[in-house]
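**Student:** Structure provided below as structure tokens; questions to follow.
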Amino acid sequence: MRSNEQTPLVWNNKQYDKFLIIENHDIQAGFCALIVFALNGLRKAKAINAIPVIDFNAQNTCYFYDESRGDSIWEYFFEPVSPFNITQINAWLKSGTIKQDTVARLSADEFGYLHHHDPDRLATFWAWCAPEDKAAWIRAKRELGRKYISNYVKPKAYITDKVEQFCTQHFKGKLVFGVHIRGTDFNYATPLHTRIYMEKLNTLIAGLAQQEYCIFVATDQKQYLQELSNRYGSRVIAYDATRSSNHIAPFKLSTLSGYQKGEEVLTDMLILSRCHHIIKGPAALGEMALWFTDHDDITDLALQSEFHAKPYDKLSSAFSALNVDQLQAGQLAKQKWKEKLVKRIYSWKIVAFFYKRSAHVRRWLNH
């Protein structure tokens with residue numbers, strides 16, 4: 001029993017008004033989005049003088065749930081944000097130790113506003129509220145992200161140990177260029193062709209003469225890693241993470257455990273944060289890697305991209321939009337149609353119900 005269980009709304013000698021249960025309302029969210037959701041929940045908790053409790057569980061965060069690791073998905077990868085958990089709170093409610101009005105939850109609408117529209121939100125891309133000065137906007141969000149990561153997000157030691165081991169083995173004595181290229185199902189903004197990343201790389205390495213350097217590539221798309229390896233040879237290094245050869249993101253694959261999916265993404269991100277110069281596009285992982293470092297030696301290709309303000313089922317994946325597999329016109333049209341059909345099915349309430357609860361349904365819809 002914890003010493004503060006007799007006065008559950010006191011933490012670090014401070015009195016709070018309530019608990020805020022931070023849940024995930026976006027079943028399709030990837031790992032980086034979950035971190036942003038958690039941080040915006042922490043921001044909300046601070047605003048209402050609430051103790052935050054992150055409840056990413058088997059029902060609302062099914063892709064990363066791993067029975068062998070327990071029910072608290074956030075705590076597979078990070079230290080807890082407070083000394084309380086949902087099991088304790090439910091027990092206190094049942095026993096009458098705390099009243100129902102001292103436990104707050106965000107509705108789906110409130111969750112959506114906090115993440116997509118609130119001007120003060122943490123975000124990796126401007127999305128629905130495009131600013132006039134995108135560079136200034138993203139710099140301000142980066143500063144806010146760094147503050148919240150520093151204060152609230154501490155990766156587990158066994159993950160940071162893997163990162164340290166990788167960097168010691170591959171980066172020592174070298175100038176390291178980090179490149180993040182998101183492929184597979186990325187769809188909310190304009191994906192950028194690999195040649196754009198390579199053009200920037202070529203400019204950066206042109207004046208290095210004989211200086212020792214390497215290129216760390218973080219990507220979810222097998223073809224992208226192969227393309228850069230073909231161009232730069234042994235200079236290219238990558239973490240041994242699972243990658244996809246089609247439009248299905250690795251975190252949706254049924255061949256990986258929920259824990260492995262999250263660990264691979266987080267490890268890739270943390271390694272990227274250790275690179276001396278980072279080239280990143282509009283996707284979340286590249287920007288979030290910068291929240292884990294304090295340098296601004298960056299080539300930000302996100303500024304060349306635009307948000308796609310379309311319904312989910314009208315969006316094409318990066319894999320299809322860039323025709324990564326170089327399909328013939330008829331095959332490509334069929335691929336895009338199939339993707340949009342599956343997205344339309346996602347929106348049906350009965351499908352959403354079973355999608356959350358059945359790995360078989362998720363596996364069937366992914367294909």
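**Student:** How long are the semi-axes of the equivalent ellipsoid of the chain, defined as square roots of 5 times the Cα gyration tensor eigenvalues? Whole Å, largest first.
**Tutor:** Calculated on Cα positions only, the semi-axes equal 35, 25, 19 Å.
**Student:** For the chain, what does -39500 (n - 2.57) per DSSP helix run (n ≥ 4), summed and divided by total residues, give at 222 nm, in deg cm²/dmol to the nearest 500?
**Tutor:** That calculation yields -13000 deg cm²/dmol at 222 nm.
**Student:** For Ala104, enumerate residues with amide H under 5 Å from its amide H, sequence gap 5+ or separate chain, H modeled in the peptide plane.
**Tutor:** So Ala104 has HN proximity to Phe19, Leu20, Ile21.
**Student:** Still on this model: Could you name the lysines whose alpha carbon sits less than 28 Å from that of Lys94, not counting residues in the same chain fewer than 8 places away?
**Tutor:** Lys94 reaches Lys14, Lys18, Lys44, Lys46, Lys356.
**Student:** Using every pair of alpha-carbon atoms in region 157-304, split the distances into 5 Å bins beginning at 0 and state the percent of pairs per bin, rounded to integers.
**Tutor:** Result returned by the calculation: 2, 9, 20, 24, 22, 14, 6, 2, 0, 0.
**Student:** Here is a further query. Just want the ordering: Val342, Val324, from fewest to most Cβ atoms lying within 10 Å of their own Cβ.
**Tutor:** Lowest count first: Val342, Val324.
**Student:** So the label point goes 7 Å from the Cα of Asp120 along Cα→C-beta, right? Which residues of region 134-148 then have their backbone N under 20 Å from it?
**Tutor:** Of the residues in region 134-148, 137-148 have backbone N under 20 Å from the label point off Asp120.
**Student:** Counting DSSP beta bridges in the chain, what percent are antiparallel, to the nearest 5?
**Tutor:** 15 percent
**Student:** In whole Hz, what ³J(HN,Hα) sequence does region 121-133 give by Karplus (6.51, -1.76, 1.60; θ = phi - 60°), x for Gly and Pro?
**Tutor:** Once rounded to whole Hz, the list reads 5, 7, 7, 9, 8, 6, 6, 5, 10, 5, x, 5, 10.
**Student:** Another question, then. Loop sites only, by DSSP: take the GluC sites (Glu not before Pro) in the chain that have at most 15 other C-beta atoms within 10 Å and name the longest stretch containing none of them.
**Tutor:** For GluC sites (Glu not before Pro) (loop position, at most 15 other Cβ atoms within 10 Å), the longest site-free span of the chain is 6-131.
**Student:** So how much slack lies between Leu303 and Arg344, counting 0.36 nm per residue of separation and subtracting their Cα-Cα distance, in nm?
**Tutor:** 11.8 nm
**Student:** A further question on this structure: Spin-label point model (7 Å from Cα, Cβ direction): what's the Lys154 to Lys314 distance in nm?
**Tutor:** So the label points at Lys154 and Lys314 sit 4.6 nm apart.
**Student:** Using the eigenvalues of the Cα gyration tensor, what equivalent ellipsoid semi-axes result for region 1-113 when each is taken as the square root of five times the eigenvalue, whole Å, largest first?
**Tutor:** Rounded to whole Å, the semi-axes are 23, 16, 13.
**Student:** For Ile278, which sequence-distant residues (separation of 5 or more, or a different chain) have an amide H within less than 5 Å of its own amide H, given hydrogens modelled in the peptide plane?
**Tutor:** Under 5 Å from the amide H of Ile278: Gly178, Ile298, Thr299.
**Student:** 5 Å is the cut-off here: which amide hydrogens, built 1.01 Å from N in the peptide plane, fall below it relative to Tyr213, excluding neighbours closer than 5 in sequence?
**Tutor:** Hits under the 5 Å cutoff: Leu175.
**Student:** Right, something else. Share of antiparallel DSSP beta bridges in region 10-122, in percent to the nearest 5?
**Tutor:** 25 percent
**Student:** Choose one answer from Met269, Met198, Met288: the residue with the largest mean-square fluctuation in a GNM of the chain with alpha-carbon springs under 10 Å.
**Tutor:** Among Met269, Met198, Met288, the largest GNM mean-square fluctuation belongs to Met198.
**Student:** So if we plug the beta-carbon distance of Gln328 and Thr87 into 1/(1 + (r/R0)^6) with R0 = 56 Å, what FRET efficiency do we get, rounded to 0.05?
**Tutor:** Result of the calculation: an efficiency of 0.55.
**Student:** Over 25 Å between Cα atoms: which of Lys141/Lys252; Lys222/Lys252; Lys154/Lys261; Lys156/Lys261 fall into that group?
**Tutor:** Lys141/Lys252
None of the figures in this text is laboratory data; all of them are computed from the coordinates on show. This is a predicted model, so every value here is computed, not measured. Reconstructed Cβ throughout: ideal geometry from the backbone, glycine too, with neighbour counts over all protein chains shown.
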